[in-house]
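Novice: Can you read through this structure? Questions will come right after.
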């Protein structure tokens, strides 16, 4: 099994999910967990309290307003292939609100 991170992106930084939308997301997560494929339930990431570090001496507020989508959160799933991870992503309710999901393999570096 490999770990894949599902990175959630939204275009509206002020979006607040309704209780029904939250329940739909929780049901989606529960479905993955029931298959023992949820490696890390992840977290929601702050939009307002963020900084961008560019080199050792330049720190700016971020994310930037010119960015069309911002990272809103992530989870990590444990699957055999990226295609299986993509299938989990396809059933996420974020698409109902115009969001996107990026799927990436987590590379494990062994000493």
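Novice: Of the labelled options [x] 15; [y] 30; [z] 49, which one gives percent of Cα pairs over 25 Å apart as computed for this structure?
Specialist: Correct label, based on the coordinates given: [y].
Novice: Let me ask you something else. Given Cα pairs under 8 Å that are at least 6 residues apart, what percent is the relative contact order of segment 2-105?
Specialist: RCO, segment 2-105: 51 percent.
Novice: Helix-only estimate, please: 222 nm mean residue ellipticity of the chain, summing -39500 (n - 2.57) across DSSP H runs of length 4 or more and dividing by its residues, to the nearest 500.
Specialist: -7000 deg cm²/dmol
Since every read-out is calculated from the coordinates, none of them should be taken as a lab result. Quick caveat, the model's predicted, so the values are computed rather than measured.
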